[in-house]
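Here is the structure we will look at.
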Amino acid sequence: MGPAAGQGRPPGKFVSMTLTTSPRPIVAQTDWRAVLAAVLCGVVVAMNVGKVPIAMPELRSEFGLSLVAAGWVSSMINTLGVTTALLFGLLGDRIGAYRMCLSGLLISALGGATALFADNESMLLASRFAEGAGVVAVAVSAPALLSAACAPLDRRFALGIWSGYLPAGVGLVMLLAPLIMPAGGWRGLWLLTLAAIILSALAVHRSRTAYHLPAADTVERHPFTTAREALSQPEPWLLAIAMATWTLQHYALIIWLPTFLLEQRGLPPFTVAMLTCGMVLANVPGNMLGGSLLHRHVGRGNMIASSSLVTGLCGVGIFLDIFPDGVRYALCLTLSFVGGLIPASVLSASVRYARTPKQIGTLQGLFIQWGQVGPFIGPPLIAMLVAASGLWRDALLVTGSAALLGIVFGLLIRRHENRHAAAPVHS
């Protein structure tokens, strides 16, 4: 018997020999302006993620938010990501990446505008729900646009750049907030993100002809058939879990650092914000390095396993309080930078493991959904352990376990990569 449909082919080659899939247009030269427009879409919606923690004191004061309501306002995007990202990916594959991306930007803009006129807690929560839906919609669709504007040789590097959209957006809004909020308050911050979203929508619209997306299918298949083909492979699931091990470590650090600097070292809030922002932004060059290494055909499994080893060791030095503060902060920067190789490895893999271009959104949704597991379950777990003992070193039980799992799954991914490399290529 011959191989089953979709089997016996190396990942990374889109199938265009059936009636159900359209050939992927071949791009001779990368349109970097279109690539950057797609990346910008991710950065500006990520600003919506980062603006709320900074503005929370003002929001609580103006709207009289309880701790529970404030928690929902803060975690709405994470909640949507961890529960619906895969469904958004399926929808994006169904309606097309360009429409999905623009729709996500529009929904985000409507959510931000609603908040500006909100006069009660319910309107504020509704606006955050819309912003969260927009974040997920853009996150699952923009990589397909970016990939469609790239020549094959540039695709890995470009997707590595894309993987830095979240820390770039969060870090950017953290940098700008101290300049804007003294004059404009939290609404000034919302107006900034709203303007950025509108500009990114215009940029991606102007670049629409550079996104060489496949034509409609000759024979339309049920979307769950396409999704089942993408999700039946073990590698995307291994990569998704590896993503969760990284985000858990990173968010533990994002929680610990400002608390430590404020409560135990008594630093002024502005200094704390800048040091935290530097740590978050250190992830971005790590993402770009990851894309460069992928471009040089360094294996994803090797990058994930080695990065997890380094981040795990950094976590030991950070949380055990055995080094001076300067060394501990340097370890924070190192953890964030080296850890950037992991999302670069994972988020770029949707193109490699998609058997048709219409499966990219589904795989992105899977990666994002698992990536949101870290910020969703990590903070409560760490808070529970630290509250019980009063010692931040107990956070190592969570971060160390996550790093160890990252090493294990990185090695499993490497084994699968080696198996694919040894398999014969079928034309």
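Observations, loosely collected:
- Cα-only Debye scattering, the chain: base-10 log of I(q)/I(0) at q = 0.07, 0.11, 0.12 Å⁻¹: -0.32, -0.81, -0.96
- Were the residues from LEU411 through GLN264 laid out at 0.36 nm apart, the gain over their Cα-Cα distance would be 49.1 nm.
- Diffusion of the range 222-427 by Stokes-Einstein, at 20 °C in a medium of 1.002 mPa s and with Rh set to the Kirkwood radius over alpha-carbon pairs, works out to 120 µm²/s.
- Relative contact order for the chain, counting Cα pairs under 8 Å that sit 6 or more residues apart, in percent: 28
- Chymotrypsin sites (Phe, Trp or Tyr not before Pro) restricted to the range 37-142 and DSSP loop, no more than 13 other C-beta within 10 Å: PHE117
- In plain terms, the chain from LEU199 to SER61 could stretch by 46.6 nm, reckoned as 0.36 nm per residue minus the Cα-Cα distance.
- The alpha carbon centroids of the range 232-293 and the range 296-315 are separated by 15 Å.
- Enclosed volume per residue, in Å³, of the convex hull spanned by Cα atoms of the range 308-420: 97
- Mean ellipticity per residue at 222 nm, deg cm²/dmol - from DSSP H runs of n ≥ 4 across the chain, formula -39500 (n - 2.57): -26000 deg cm²/dmol
- For the options LEU91, LEU267, LEU404, a Gaussian network treatment of the chain with springs between C-alpha atoms closer than 10 Å singles out LEU267 as fluctuating the most.
- Overall, the chain carries a charge dipole of about 1200 debye about its Cα centre when +1 sits on the Cβ of Lys and Arg and -1 on the Cβ of Asp and Glu, all other atoms neutral.
- All other residues whose Cβ lies under 11 angstrom from that of ILE304 are scored, Lys and Arg at +1 and Asp and Glu at -1, for a net of +1.
- Across the range 222-427, C-alpha contacts under 8 Å between residues 6 or more apart give a mean separation that, scaled by the residue count, equals a relative contact order of 40 percent.
- In loop segments of the range 162-270 as defined by DSSP, the trypsin sites (Lys or Arg not before Pro) with at most 16 further C-beta atoms inside 10 Å of their C-beta are ARG221, ARG265.
- Å³ per residue enclosed by the Cα convex hull of the range 102-220: 126
Any read-out appearing in this document is the output of simple, stated calculations on the displayed coordinates, not a laboratory observation. These figures come from a predicted structure and were not determined experimentally. So basically every Cβ, Gly included, is an ideal-geometry build from the backbone, and we count neighbours across all protein chains shown.
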